[in-house]
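S.K.: Handing you a structure now.
Throughout, read-outs are computed from the coordinates displayed, never taken from laboratory work. Because the structure is a prediction, the values reported are computed rather than measured. Reconstructed Cβ throughout: ideal geometry from the backbone, glycine too, with neighbour counts over all protein chains shown.
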Amino acid sequence: MGIMLYSDKKTAVHGLDPRVKLAGLLWLFFAAAISSDTLSLAVVCGINLVFFIISDTAASLKKTGLMVALIGCVTFMLWIVFYRGEEAGRYAFSSAMSLRFVSMLLSGILFLSVTSAEEIVNGLRLAGLPYPAAFTVALSIRLAGSFMNTAFVIAEAQAARGNDAVRGSIISRIKAFAPLMAPLILNGIKKAETLHLALESKGFSPGKAPDIKGRYMLRNTDRIALASFLAASAAMILYKVLS
Amino acid sequence: MIEIKNLSFSYKKGAPLALDSINLSLKPGEKVLIAGRNGAGKTTLSKIIAGLMPQVQKGHVSGTYLFDGMDMLRMERSRTAPLAAVLLQDFESQLTCATVREELVFYPLNLGVPYERAKKAAENLALKFGIEGLLDRDPMSLSGGEKQKAALLSLLIANPGLLVLDEPFTDIDPASQRFLLDFLDSGTFRGCLVVMEQSLSYYRSFDRIVLMDDGRFIKEGGRETAGEFEALRQAGIKPPDLVSACGGFISGGFSEADLIREAKYFDPQEHEKLSANYANPSPLMYEVSGLQYQYPESREYALTGVSLSINEGDYLVVLGANGSGKTTLMKVLAGIYGHKKGTVLFRGRNISAEMMRGRAGYVYQNPDNQIFAETVFDEIAFALRMKRLPENIVVKKTEAIMDVFGITQKRGLDPFSLPKGDRQLVACASVLVMEPEVIILDEPTTGLDAAALETMMKVIDGLNRSGKTVIIITHYMDVAARYGRRIAAMSGGRVAYCGPKREFFGNDALLKESGAMRTDIMELSLKLNGRLLLTAEEFAACWKDK
């Protein structure tokens, strides 16, 4: 089972300039941050879902849906417990906070589903981030996926000798995780140790960024998308000020 | 072009020397094979001559290493990167991008090549090597051989002056190995080539051969070094079968066939004995028909209609090109992967994970995915303790399996501190201690030197003789020829052939379809009189001294 979210599709969303995708991510975060009631946050979640549909990345939702729903439920319960405002607003506030968190998570998943690691590096560079920092961000995302893949292989290999961390009671599953950790940690250390060697073996040098001049040009669709994000942000601010 | 003099290296000051007084000079375009057993110092040397050590990975180095007059030991990696490239033994770590296409352009981009040019070169190279269909795939989703091929091409594309390959064929199918060697020999690649290996299988593709042991060069010369039996023995390298068959290296315009015809005669009766087909009258264990399997996130089927029968006590060797579905099929047979389409019966009943638990033992290619305990004994005893068996039985069974694998002396050692061959034996023992009825081993000999390979295969042979059903996945043709009784050849997600080894290796179309190849000894026997002989032992039995 793979854990990487990016899927190479030929949709309009995938074809956007990486800077526009980053701007879109920021806009979705902003929309979630500025909205404070359940209804408007539900609309922001809905916008995320619409983007998942038009970018043909519903598979990422399928992969992460359970985790997002669980996080949403836990957030909702935590806010119910720790809410300190007027009693009448407890449930509305908790559901709004939970939706905000879920909305931000969905935006992140959507971004990773339509943006390759290379686009993330180049998008961040074009947005002004230094190459080493941009490369580190993209590499971390990539390594997290690779680490998870290794974890699945190790779990499979351990299950083959009777240590099944997937089936059985919660207690037996927790017990079964202990033997998975040693090989996983050692694999992780080994990976980290060999990573710089592997990168430098291919001429990578933090101080010498590859030339990407002329590779990315803003097209009309990118401009329209950027204008839409700006207009929508202005409308949200206006609505917030007036309400 | 390359001049190395008195090069010594240790990982820490005062630590034993990993390399001791190495001298090597290479002319432009020269191809050198450096062979030695596990721990001989090949990997350390590969990193130094590629300019990664001591610059990136630290250590204490003495001596000189000049590349076109430049001091490689003191130059920054950013300056040595355009000169020398290395395929690491752990090639998976060199795949750091999200798609194969990005992987192929990464090196040239770092060297300052414009993106469009790098992209075009990547697409051309992929087309040449037949991996154009993988360009948009995530490297982590590829099979082991496809990964190794992608990692190798991601270096070749930079067209370095020196290409160092540390055990580059461990996961690549034989037809692709041959293709790569022919490509490197075709003149398209003009740089120097240094290949580190544990065998001399492809010695004829190199100009020079160096035998290495204990951090030192013990013999250096042309191809005739493949016939230096004493030096080979010292280096822990098995002589090539062809050289053994001829009793030494053949030179001076003679061919191996000429020499054999002159000095030996063919015994047809011996050949008759070998040709008797193996028949297993035991009942069926597995019956597979119309099996299809699709990975959850894939659009294509990894298995496209497999039909296969395996009898109790069988010894089956599974061959096939990279990505042909070998591992996927074996995981279905072991009950690790559930299937939705087709039928898989185990002793007449539909297979399930629950049914196969304890019955099928699956040994993974990488032993480090299994090992976790503090001692060899605890590692092997783990599965028995999981079954809550009484401790006296655990001790008895663990000691018995350690004895079978010949690792009793290492019972108190940390398994991670052992060499790769021993770790593989421990991982194998820790699965087999559960006494499964069917044993499936995924590339059990990868990365093992001749001695470790011999030990491993002896144990597997013994298990089969004691009645266990054994299935091995391999792409080592000499292993397939020497061990096992039947071959199942896979191609494009289905079993293209399942039957006697001799029939398989005699069929050109089948060999081509499954990415397999005949070994040198097989080719020689066919050339001599058209009678196929599979191993050096068979050859010696049939071609007797006059």
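S.K.: To the nearest 0.05, what FRET efficiency results for B:PHE266 and B:SER309 with a Förster distance of 25 Å applied to their C-beta separation?
M.R.: FRET efficiency, B:PHE266 to B:SER309: 0.10.
S.K.: Would you mind giving the mean number of other chain beta-carbons within 10 Å of the Cβ of each residue in A:111-117, as a whole number?
M.R.: 2
S.K.: Taking the alpha-carbon centroid of each part, what is the distance from the range B:457-471 to the range A:80-107 in angstrom?
M.R.: With the range B:457-471 and the range A:80-107 each reduced to a Cα centre, they are spaced 62 Å.
S.K.: On to the next question. Note the per residue figure in Å³ for the convex hull of the C-alpha positions in the range B:80-134.
M.R.: Convex hull volume per residue, Cα atoms: 98 Å³.
S.K.: Full extension from B:ALA400 to B:ASP20: what is 0.36 nm times the residue separation minus their Cα-Cα distance, to one decimal in nm?
M.R.: 132.7 nm
S.K.: Sum up the charges of everything whose Cβ sits under 14 Å from the Cβ of A:HIS14, counting Lys and Arg as +1 and Asp and Glu as -1, but leave A:HIS14 out.
M.R.: Around A:HIS14, the surrounding residues sum to -3.
S.K.: Nearest 5 percent is fine: what portion of the DSSP beta bridges confined to the protein assembly as shown is antiparallel?
M.R.: Percentage antiparallel, nearest 5: 55.
S.K.: Next question. Output the peptides A:149-156, B:97-104, A:191-198 sorted from most to least packed, where packing is the average of other Cβ atoms within 10 Å over each peptide's residues.
M.R.: For the peptides A:149-156, B:97-104, A:191-198, the packing ranking is B:97-104, A:149-156, A:191-198.
S.K.: Related question: List the trypsin sites (Lys or Arg not before Pro) in the range B:165-247 that DSSP assigns to loop (not H, G, I, E or B) and whose Cβ has at most 14 other Cβ atoms within 10 Å. Which are they?
M.R.: For trypsin sites (Lys or Arg not before Pro) across the range B:165-247 that sit outside H, G, I, E and B with at most 14 neighbouring Cβ atoms in 10 Å, the list reads B:ARG190.
S.K.: Arranged by the count of other C-beta atoms within 10 angstrom, fewest first, what order do B:THR64, B:THR328 take?
M.R.: B:THR64, B:THR328
S.K.: Still on this structure, please answer the following. Label 7 Å along Cα→Cβ of A:ALA235; the range A:12-41 residues with amide nitrogen under 13 Å?
M.R.: Of the residues in the range A:12-41, none has backbone N under 13 Å from the label point off A:ALA235.
S.K.: Moving on to the next point. Which residues does a label at A:ASN220 reach in the range A:50-67, if reach means a backbone N under 19 Å from a point 7 Å past the Cα toward the Cβ?
M.R.: Answer for this model: none.
S.K.: For peptide A:144-152, compute the average count of partner chain beta-carbon atoms within 10 Å of each residue's beta-carbon.
M.R.: Taking the mean over all residues of the peptide, I get 2.
S.K.: Ok, one more. Among DSSP bridges having both ends in the range B:415-546, what percentage is antiparallel? Round to the nearest 5.
M.R.: Beta bridges within the range B:415-546, antiparallel portion: roughly 55 percent.
S.K.: State the extension gain, in nm to one decimal, for the chain segment bounded by B:GLU287 and B:LYS58, taking 0.36 nm per residue of separation less the distance between their alpha-carbons.
M.R.: Result for the pair: 77.0 nm of gain on full extension.
S.K.: Considering only C-alpha atoms, what is the centroid distance from the range B:302-353 to the range B:404-433, in Å?
M.R.: That distance is 28 Å.
S.K.: Once both labels are modelled 7 Å past Cα along the beta-carbon direction, what's the A:LYS175-A:SER140 spacing in nm?
M.R.: So the label points at A:LYS175 and A:SER140 sit 3.8 nm apart.
S.K.: Next question, about the same structure. What FRET efficiency would be calculated for the residue pair B:ARG233, B:LYS128, taking the C-beta separation as r and a Förster radius of 56 Å, to the nearest 0.05?
M.R.: 0.90
S.K.: On to the next question. Express in whole angstrom the spacing between the alpha-carbon centres of the range B:90-148 and the range A:7-21.
M.R.: 21 Å
S.K.: Run the simple label-point estimate for B:GLU3 and B:ARG385 please: 7 Å along Cα→C-beta, distance reported in nm.
M.R.: About 6.0 nm separates the two model spin labels.
S.K.: Binning at 20 angstrom from zero up to the longest distance, how are the C-alpha pair distances of the protein assembly as shown distributed in percent?
M.R.: Values per bin, smallest distances first: 14, 43, 33, 8, 1, 0.
S.K.: Within straight cross-link reach of B:LYS326, meaning Cα distance under 26 Å, which lysines are found once same-chain residues fewer than 8 apart are removed?
M.R.: Within the straight-line cut-off, B:LYS326 pairs with B:LYS128, B:LYS147, B:LYS149, B:LYS340, B:LYS341, B:LYS420, B:LYS458, B:LYS468, B:LYS501, B:LYS512.
S.K.: With the cut-off at 1.5 for a/c, could you classify chain B from its C-alpha gyration tensor as rounded, prolate or oblate?
M.R.: rounded
S.K.: Please label the shape of the range B:441-491 as rounded, prolate or oblate, based on the square roots a ≥ b ≥ c of the eigenvalues of the alpha-carbon gyration tensor (a/c under 1.5 means rounded; beyond that, a/b larger than b/c means prolate, else oblate).
M.R.: Oblate shape, in that a/c is at least 1.5 and b/c is the bigger or equal ratio.
S.K.: Continuing with the same structure: Averaged over B:99-111, how many beta carbons belonging to a partner chain fall within 10 Å of each residue's beta carbon?
M.R.: 4
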